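The values are calculated or read from the model by the stated rules, or taken from the named source; none is laboratory data. Remember, it's a predicted structure, so these values are computed and weren't measured experimentally. Counting neighbours? That spans all protein chains shown, and the Cβs are built from the backbone with ideal geometry, glycine included.
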Amino acid sequence: MIDWSALNDAYGPADAIPEMIERAVYGDQNAIDDLWHHLCHQGTITSASIAALPRLADIAENPSSGEWALDLAGGIAAGLLQRHHGADEEVARQGPVLARLRTTATARLAPGLPEPAYLGLLRSLLAFEGRPLWHTALDDFADAFYTVVCPHCRASVTIAIGQYGCYSSLRDWDLGDIHQVPLRPNRPDNLTGAGQALHDLAERDGQTRLAWGLTYLFGRAECPDCGSLFEIAEEYEAGNAPSPWDFGRSHARDTP
Ligand SMILES: [Zn+2]
C-alpha cells in the first residue's frame, strides 16, 4: 500500500490523489484535470507523480476508458526525463511499469486515429522509451518552428515547417522571418534512426501530414547567413540534447 500522506504532489501532501484517480476512472473530467495539475503541473514531477504511475498503467490498459491515464503517464514520463527531480532510485524502480506503458502505447498506435490523438500517443510512446528530445520536438507540422544554431557560422537559424512554408530564415523581431531559404526534405527511403522509425509509423498509420513534416525535420537546411548546408535534426539535437545524465556525449559535439 502507498502511504499517500507521506508523499507530495505539486500543491502539498498527496492525500487526495487516490480519490481523484478513482473519480477519473469513472470519467469525471474535473478529476482528470485536477490530476494533471497535481501530478504534472507544468511538467513538475513530485514523489506522488512517480507513485501514481503503476495505477495509471493499470487504467491505461483498458482500451475503452484508459486514454486519459496513458496521456497523463506520458506527461509524467516526459517530466521525469527532463528535470532534476532528485528521485533517480524511485524512477529506476518504475522501469517495469514504463515498459508496460510502452507496450500499451505501441498497441494503441493504429490507422484511423484523429491527428491530435495520434500525435499525443506517439509523444507519450517517445517519453516511455526515454527519448525526451523527440518527445518535445514532435509536432503536428501545421505551423512548426525550431531554432537551431548553424554549425558553421553559429548564426541562430529559425526553421519553419508548416502550411505557411518550409524554410530556414533569420528571425528579426521587427521584420519577421527574413532571408527565407526553402528547406531540402529528405527522401523517405533515405531516412535513418529516429527519423526513419517515426516516419515508418506515420506512413503505416496514414498520418500523411506527420510523415510529410518528418521528411523536412530530418532533412537539410541552408544557413541564410553563410550559405552552408546542415542536417536540421542533428543540429536540433546538438542544441537541445544535453540532458543532465549524458553530458559526456554532448561535449564531443562542441569540440570543433
Ligand atoms: Zn551559417
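Key figures
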| item | result |
| --- | --- |
| Filtered residue count, segment 169-202, keeping only those that are surrounded by 13 or more Cβ atoms within 10 Å (Cβ to Cβ), part of a loop (DSSP other than H, G, I, E, B) and of a type in the set (S, T, N, Q) | 1 |
| Within segment 154-203, tally of residues that are at negative phi and out of contact with any strand residue (DSSP E or B) (no Cβ under 8 Å at 6 or more places or on another chain) | 19 |
| Leading residue by the ranking (farthest from the ligand (Cβ to nearest atom)) among those in segment 151-168 that are surrounded by 18 or more Cβ atoms within 10 Å (Cβ to Cβ) and farther than 19 Å from N240 by Cα | C166 |
| Hits in segment 52-67 - residues which are modelled with pLDDT under 95 and buried (at least 19 other Cβ atoms within 10 Å of the Cβ) | G66 |
| Residue list for segment 141-150, restricted to those being more than 8 Å from the ligand (Cβ to nearest atom) and buried (at least 16 other Cβ atoms within 10 Å of the Cβ) | F141, A144, Y146, V148, V149 |
| Cross-chain or 6+ apart pairs with Cβ under 6 Å, segment 214-225 first and more than 20 Å from L122 (Cα to Cα) and away from the ligand (no atom under 16 Å from the Cβ), then part of a strand (DSSP E or B) and among the polar types (S, T, N, Q) | none |
| Filter result for A238 (within 16 Å of the ligand (Cβ to nearest atom), surrounded by 15 or more Cβ atoms within 10 Å (Cβ to Cβ), outside the structural domain of L81 (by TED's automatic domain parsing) and at pLDDT below 95) | yes |
| Search result, residues across segment 203-219 that are outside any helix (DSSP H, G or I) and crowded, with 17+ Cβ neighbours inside 10 Å | D205, Q207, F218, G219 |
| Some residue of segment 221-232 being under 27 Å from P116 (Cα atoms), part of a helix (DSSP H, G or I) and at pLDDT 90 or above | yes |
| Residue identified as of a type in the set (D, E, K, R), under 18 Å from the mean Cα position of the chain (by Cα) and within 26 Å of L119 (Cβ to Cβ) among D28, D58, D34, D71 | D71 |
| Test: residue in segment 152-160 that is in contact with a Ser or Thr (Cβ under 8 Å, 6 or more places away or on another chain) and in a loop (DSSP other than H, G, I, E, B) | yes |
